[in-house]
Amino acid sequence: MGGDRVAMKKILLMGNPNNGKSVVFNRLTGANVIISNYPGTTVDFIQGKIWIDEKEMRVIDVPGTYSLDAGDKAEEVAVKTLKGGDIVVNVVDATNLEKGLNLTVQLIKNKKPMIVALNFWDETKHKGIAIDFKKLEEILGVPCVPICAVTGEGIKELTERLKEAKISNFSYEGKEKWHVIGDIIDQVQELSHHHHTFMERLGDISTTPVFGIPLALVILFLTFKIIRFIGEGLIGYVFEPVFEKLWTPLLLKLSAILGSDGFIHDILIGKLIKGEIDYGQSFGLLTTGLFVPIGAVLPYVFAFYIMLAVLEDCGYLPRLAVLVDGLMHRLGIHGLAIIPMMLGLGCNVPGILSTRILATRKERFIAATLLSIAVPCAALQAMIVGLMGGHIVYGLSIVYGTLFVVWIILGLLMAHMVSGTSPEIFIEIPPYRRPYLTDLLKKTWIRLKWFIKEAIPFVLLGVFIVNILYTLGIIQFIGKYTAPVISGIFGLPKEAIGALLVGFLRKDVAVGMLAPLALNLKQLIIASVVLTMYFPCIATFSILIKELGFIDMLKSLAIMIVSVLVVGGILNLIL
Ligand SMILES: Nc1nc2c(ncn2[C@@H]2O[C@H](COP(=O)(O)OP(=O)(O)OP(=O)(O)O)[C@@H](O)[C@H]2O)c(=O)[nH]1
Ligand SMILES: [Mg+2]
């Protein structure tokens, strides 16, 4: 195997952000990597395999880059990867040839065998752009293949011509670059008159404040309405009935076999409440342990990811980024940071990973800290919604309102206190595009699979540990010592420490543990806010260390602890 590895050629997919590299990658390798209609979807290079003439080659989806003078982290990664590649497939957005060629001519200077894929060939026709790709091929001295990655047109030819990839003789003086590009455009591209479409006009006005802000509010409001509609519908009509009609009878039988009591019974089934299984309170592995991730959380996670995919693929998110750019700058970050925040509402882990689209350390630190403190993930939100019961509107308004204020204030503070810069970067706004249903479902499925794989084991582990800790009396013991904070500052019963401890593992299980405590509305609100803000769950924690480094993670943690004490205390005083 070692020998093969040396011989195996590396094909690099390189190009500007958001020009379809990941779609091409999926086509070539049969993989399923996430694609979205905004720049910065891929932030780490991803590998796959392809067979060409019975030879196995490695294909690498390189994060998008505008130029090879490394600016942000994604470009750094791209430059580093270029050095190790054998063939470069330069994906170019044919509807924006000038910008694409800027990178193409820089790649050419690196003297690697290269082939150009002119993607978005379908859109060039709609936009009245005609490109003489044969002429372009002559000028650049490398094969140029028109493709439409979403439908797969041209992909076959692209793979067939991979072996023709060659080192170009095209040369130019560095300072002449734009002149040279202009010359090429003149020779190969022809524009015919084109009327602005409704979508284009809508695209233009959705970033103007007067129209854009009301539109954003309407879109976000509708999004959350639809998420709740889908989530509640699935729970009420599918998941709860399945659990109650099919799963409960089986568990009751098992419970009887186990003698309705004892250690094994308590671990698997938990406590019977008045002789019945209560999925919220029994706290066994097979009862609460399965119900929390599957019955209570999964439907909301599914609903959230479907809606997120729609917003991503139609191209609304970068417009939202432009709209909130002014506000975000005051928080020391950039409008684009709205993308990690939105992803974080699903799960903080991908949210924090995607802070890599920001340009500097300062911005990444602020964004990651804000995310892990003030942005609740879908699993946590689903449980909070369930917890509020009859007081959903009042309860949720205070919880979300508080988190939003915390998000703003912490951002303002960090913008001044964290050293470093928050430079202007220009957001590339893609056109509005019709989302493809199969792509939406595929992406949602990738994320759900990830959720199931990550969440269920930790939920089960959490439930297991809770049982052990209670049986051994450890939670009661710790509760005695933490009572001054838990009861004194937050006004919660001292048993709530159990939930806070388990929050290290999974916050959804932690919220679940609040149910049997019979908290009043004020306490429910405080507990929800405190659980959201304090220590991130273990998966987020490890990704924080990875992305920020140990020292910065400690700083982030210190900010978190101070803010949760302050905010929890204030809520306890004023509510
Ligand atoms: N109409 C059309 N849309 C396309 C084509 N290729 C890609 N897209 C869309 O363009 C968007 C960007 O695709 P991605 O594959 O995520 O782009 P990328 O280059 O990997 O982007 P980054 O990872 O952000 O650098 C998605 O919404 C795709 O559906 C095409 O040939 N035609
Ligand atoms: Mg990509």
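The values are calculated or read from the model by the stated rules, or taken from the named source; none is laboratory data. Here the structure is a predicted model, which is why all the values come from computation and not from measurement. Glycine also receives a Cβ, built like all others from the backbone with ideal geometry; neighbour counts cover every protein chain displayed.
For the stretch 277-314, how many residues are β-branched (Val, Ile, Thr) and surrounded by fewer than 24 Cβ atoms within 10 Å (Cβ to Cβ)?
Here is the first cut: in the stretch 277-314, the residues β-branched (Val, Ile, Thr) are 277, 287-288, 292, 294, 297, 301, 306, 310.
Checking which are surrounded by fewer than 24 Cβ atoms within 10 Å (Cβ to Cβ) leaves us with 294, 306, 310.
Number of matching residues: 3.
Name every residue in the stretch 490-530 that is part of a helix (DSSP H, G or I), more than 21 Å from Gly390 (Cβ to Cβ) and among the basic types (Lys, Arg), in order of residue number.
Within the stretch 490-530, Lys494, Lys507 meet the criteria.
Go through the residues of the stretch 6-14 one by one and say whether even a single one is at pLDDT 90 or above and under 19 Å from the mean Cα position of the chain (by Cα).
Among the residues of the stretch 6-14, not one is at pLDDT 90 or above and under 19 Å from the mean Cα position of the chain (by Cα), which makes the answer no.
Restricting the search to the stretch 38-54, which residues are farther than 19 Å from Phe426 by Cβ and more than 7 Å from ligand 1 (Cβ to nearest atom)? Steps first, answer last, please.
First, the residues of the stretch 38-54 that are farther than 19 Å from Phe426 by Cβ: 42, 44-54.
Once the filter is applied, which keeps residues that are farther than 19 Å from Phe426 by Cβ and more than 7 Å from ligand 1 (Cβ to nearest atom), the stretch 38-54 yields Asp44, Phe45, Ile46, Gln47, Gly48, Lys49, Ile50, Trp51, Ile52, Asp53, Glu54.
In this structure, does Ile352 turn out to be closer than 23 Å to Tyr38 by Cα and under 12 Å from the mean Cα position of the chain (by Cα)? Walk me through it before giving the result.
Numbers: closer than 23 Å to Tyr38 by Cα: yes; under 12 Å from the mean Cα position of the chain (by Cα): yes.
When the stated conditions are applied, Ile352 passes them.
Kindly check whether there is at least one residue in the stretch 81-102 that is acidic (Asp, Glu), within 14 Å of ligand 2 (Cβ to nearest atom) and either part of a helix (DSSP H, G or I) or closer than 19 Å to Thr29 by Cβ (or both).
Applying the first criterion (acidic (Asp, Glu)) to the stretch 81-102 yields 86, 93, 98.
After this cut, where a residue has to be within 14 Å of ligand 2 (Cβ to nearest atom) as well, the list is 93.
Right, trim to either part of a helix (DSSP H, G or I) or closer than 19 Å to Thr29 by Cβ (or both) and you get none.
The answer is no; no qualifying residue exists.
Would you confirm whether or not the stretch 9-31 contains a residue that is farther than 16 Å from Ala149 by Cα and either within 9 Å of ligand 2 (Cβ to nearest atom) or surrounded by fewer than 21 Cβ atoms within 10 Å (Cβ to Cβ) (or both)?
Yes - at least one qualifying residue is present in the stretch 9-31.
For Lys49, work out the one condition from (1) modelled with pLDDT of 90 or more; (2) within 16 Å of ligand 2 (Cβ to nearest atom) it doesn't fulfil.
Evaluating Lys49 over (1) modelled with pLDDT of 90 or more; (2) within 16 Å of ligand 2 (Cβ to nearest atom) leaves (2) as the failure.
Quick one: is Glu56 closer than 18 Å to Phe25 by Cα and either outside the structural domain of Thr355 (by TED's automatic domain parsing) or at pLDDT 80 or above (or both)? Let's see the steps before the verdict.
Details: closer than 18 Å to Phe25 by Cα: yes; either outside the structural domain of Thr355 (by TED's automatic domain parsing) or at pLDDT 80 or above (or both): yes.
Considered against the rule, which asks whether it is closer than 18 Å to Phe25 by Cα and either outside the structural domain of Thr355 (by TED's automatic domain parsing) or at pLDDT 80 or above (or both), Glu56 comes out as yes.
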